[in-house]
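Written out below as structure tokens is the structure these notes cover.
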Amino acid sequence: MRTLLLLSLMMIGAVFTADLPTWPTDFRWSSAGRVPGYDCIIILELADPHTWSDNYLCWRSGKTNPGIRWQSWGPISGMRCIRILETADPHTWSDNYLCEPNNSPYKFSWSSAGAIAGKSCLQWHEFADPHTWDDNYLCANSQLQQREAVFPEDFWFHSAGVLSGYDCLRILELADPHTWNDNYFCWRQEVRDPGMRWSMAGPISGMRCTRILETADPHTWSDNYLCVPHSSKLSFHWSSAGPIRGKRCLQWRETADPHTWSDNFLCV
């Protein structure tokens, strides 16, 4: 039961960022079926008669699935969703949503009146639909313009919820009763997503993992790992007894935990 619960928590909202498609260069829109060499999700409004059955949002094959989903009857619970709305179209477009995992780096926005200034946009054009589907754009901050995160300057460990202005990875040990449900390892939103993942059940296959261990804590910390893609420049080291000499370190402190969580540091 514990294993199943761990897997469920790891999967909710997870983005496997080892090699996510880059926005917008690895994405394509098609109003005429799937694009060869790309993986796609169908963008379908059943009530619209203007050939929406063959419209797809696609990303380059071989890249990690970004976890994007479409729903034509409201937002998807547990995901970050934007409404895809064309007010000039009478065919029930008011409840159509494009959703991404909560820790996705894309942070999509939508415009039905041209590209959004300052963002990188991909046009959604359905030629057969007369209801002004020629000026609709899905936009996001271009990952090509984002710099790599610098450790420790761009990172923060927070033991009291998600930090404003940061994207965060939840650091959770279910067996520990000392308020670990609100601990997050965060990085600035203006930097490229470093692709980290957390595991409470051993290292993650296909990633480079560092064990996060506090030997004084009896609550099953021996199998907790922070993982990064093999391509990452972040080569983490962990210390439960102060910062490591000669390395750059960031303190992980949970003040509510009495088991010596006052001298733990993540270092590179």
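The values are calculated or read from the model by the stated rules, or taken from the named source; none is laboratory data. Treat the numbers as computed from the prediction; the structure is a model and nothing was measured. Please note: Cβ atoms are built from the backbone with ideal geometry, for glycine as well, and neighbour counts cover all protein chains shown. Accessible surface areas use protein heavy atoms only, side chains included; no ligands, DNA or RNA. Shrake-Rupley method; radii C 1.70, N 1.55, O 1.52, S 1.80 Å.
What to note about this one:
- Global geometry of the range 147-268, whether rounded, prolate or oblate, following the gyration tensor of its Cα atoms and the 1.5 cut on a/c: rounded
- Applied to the range 25-34, the Karplus parametrisation 6.51 cos²θ - 1.76 cosθ + 1.60 on θ = phi - 60° returns per-residue 3J(HN,Hα) values of 5, 9, 10, 9, 10, 9, 9, 9, x, 5 Hz, with x for Gly and Pro.
- You can think of it this way: the chain between residue 255 and residue 109 has 48.8 nm of extra reach, that is 0.36 nm per residue less the Cα-Cα gap.
- Percentage relative contact order, the range 112-230, counting C-alpha pairs under 8 Å, at least six apart: 19 percent
- Inter-part distance where the range 57-77 and the range 90-169 are each reduced to a Cα centre, Å: 13 Å
- Calculated from the structure at hand, Kirkwood radius over Cα pairs in Å is found among [x] 20.4; [y] 18.8; [z] 21.7 as [x].
- For residue 247, solvent-accessible area (1.4 Å; no DNA, RNA or ligand), Å²: 80 Å²
- Sorted largest first by accessible area at a 1.4 angstrom probe radius, with every protein chain in place, the residues 228, 162, 150 fall in the order 162, 150, 228.
- With every protein chain in place, the chain: carbon and sulfur % of accessible area (1.4 Å): 53 percent
- The chain: Lys pairs at Cα distance under 26 angstrom, eight or more positions apart or on different chains: 6
- Ordering of 249-261, 71-83 by burial proxy (mean other Cβ atoms within 10 Å per residue, highest first): 249-261, 71-83
- Using alpha-carbon coordinates, inclination of helix 2-11 to the longest axis of the chain, degrees: 50 degrees
- Under-5 Å amide H pairs with residue 208, H placed in peptide plane, nonlocal only: 228, 230
- Residue-wise HN-Hα couplings along the range 48-55, as the Karplus relation 6.51 cos²θ - 1.76 cosθ + 1.60 with θ = phi - 60° gives them from phi, are 8, x, 8, 6, 7, 6, 10, 9 Hz; Gly and Pro carry x.
- Förster radius 30 Å - calculated FRET efficiency between residue 148 and residue 32 (Cβ-Cβ, nearest 0.05): 0.20
- Only protein heavy atoms count here; on that basis, with a 1.4 Å probe, residue 190 has an accessible area of about 100 Å².
- Top of 46, 163, 174 by mean-square fluctuation, Gaussian network on the chain, Cα under 10 Å: 46
- A prolate overall shape is assigned to the range 37-157, the ratio a/c of its alpha-carbon gyration tensor axes (a ≥ b ≥ c) being 1.5 or greater and a/b exceeding b/c.
- With an a/c value of 1.5 or above and a/b not larger than b/c for the gyration tensor axes a ≥ b ≥ c computed over the alpha-carbon atoms, the range 173-229 is described as oblate.
- Taking the chain and dividing mean pair separation by its residue count, relative contact order in percent (alpha carbons under 8 Å, at least six apart): 14 percent
- For the range 201-214, putting each phi into the Karplus relation 6.51 cos²θ - 1.76 cosθ + 1.60 with θ = phi - 60° gives couplings of 9, x, x, 8, 4, x, 10, 9, 10, 10, 6, 9, 10, 10 Hz, in residue order, rounded to whole numbers and with x for Gly and Pro.
- Our summary gives the range 161-268 a relative contact order of 21 percent, counting only alpha carbon pairs under 8 angstrom and 6 or more residues apart.
- Ranked by how many other beta carbons lie within 10 Å on average, peptides 124-130, 22-28 from highest: 22-28, 124-130
- Close amide H partners of residue 28, meaning residues 5 or more places away or on another chain with modelled amide H under 5 Å apart, are 58, 59.
- A Förster distance of 45 Å, applied to the separation of the beta-carbon atoms of residue 134 and residue 219, puts the FRET efficiency at 0.20.
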